[in-house]
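Here's the structure, in structure tokens; my notes come after.
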């Protein structure tokens, strides 16, 4: 369950809100004039969200690479060039 609080009220209680969120793993939605501005989440929830975003990005990259490999193969070119380019890019990064 999440709580909603105006940013003006939250400002005075930020430390307390942060401790409550960390202890209870319950989000706090910050609003101004009824509009959501931000959400305070626990470190555990932040890690879950970040990892989920990374998983989606990796899957999208895999799908895109599969499309590129198919396009290269359909064009009659050597697909291994893609893997060589990826390996080269990884050594630079």
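Angle, helix 80-92 long axis vs. longest principal axis of the chain, Cα atoms, 0 to 90°, nearest 10?
50
Enter the angle in degrees (range 0 to 90, nearest 10) between the Cα long axis of helix 14-24 and the first principal axis of the Cα atoms of the chain, meaning the one along which they spread out most.
70
Using a Gaussian network model of the chain with C-alpha springs under 10 Å, which one of 64, 11, 33 is most mobile by mean-square fluctuation?
Looking only at 64, 11, 33, the largest GNM fluctuation is found for 33.
If r is the Cβ-Cβ distance from residue 12 to residue 53 and R0 is 35 Å, what FRET efficiency results, to the nearest 0.05?
Efficiency at R0 = 35 Å is approximately 0.65.
Expressed as an acute angle from 0 to 90° and rounded to the nearest 10, what is the orientation of the C-alpha long axis of helix 43-74 relative to the principal long axis of the chain?
20
Which option, (1) -0.41, -0.95, -1.24, -1.37; (2) -0.48, -0.92, -1.06, -1.17; (3) -0.52, -0.74, -0.96, -1.21, is the value of log10 I(q)/I(0) by the Debye sum over Cα atoms at q = 0.10, 0.16, 0.20, 0.25 Å⁻¹ that was calculated from these coordinates?
Matching entry in (1) -0.41, -0.95, -1.24, -1.37; (2) -0.48, -0.92, -1.06, -1.17; (3) -0.52, -0.74, -0.96, -1.21: (3).
Note the direction-averaged projected area, equal to a quarter of the hull surface, for the Cα convex hull of the stretch 45-92, in nm². Don't skip to the answer; put the middle values down first.
Details: hull surface 15.6 nm².
Mean projected area of the Cα convex hull: 3.9 nm².
Rounded to the nearest 5, what is the percent of antiparallel bridges among the DSSP beta bridges in the chain? Walk me through the intermediate numbers first.
Values: 5 of 9 bridges.
Of all bridge pairs located within the chain, approximately 55 percent are antiparallel.
Just so you know, all these numbers are worked out from the coordinates, no wet-lab data involved. The model shown is predicted, which means the values in this text are computed figures rather than measured ones. Quick reminder, even Gly has a Cβ in these numbers, built from the backbone with ideal geometry, and neighbours come from all protein chains shown.
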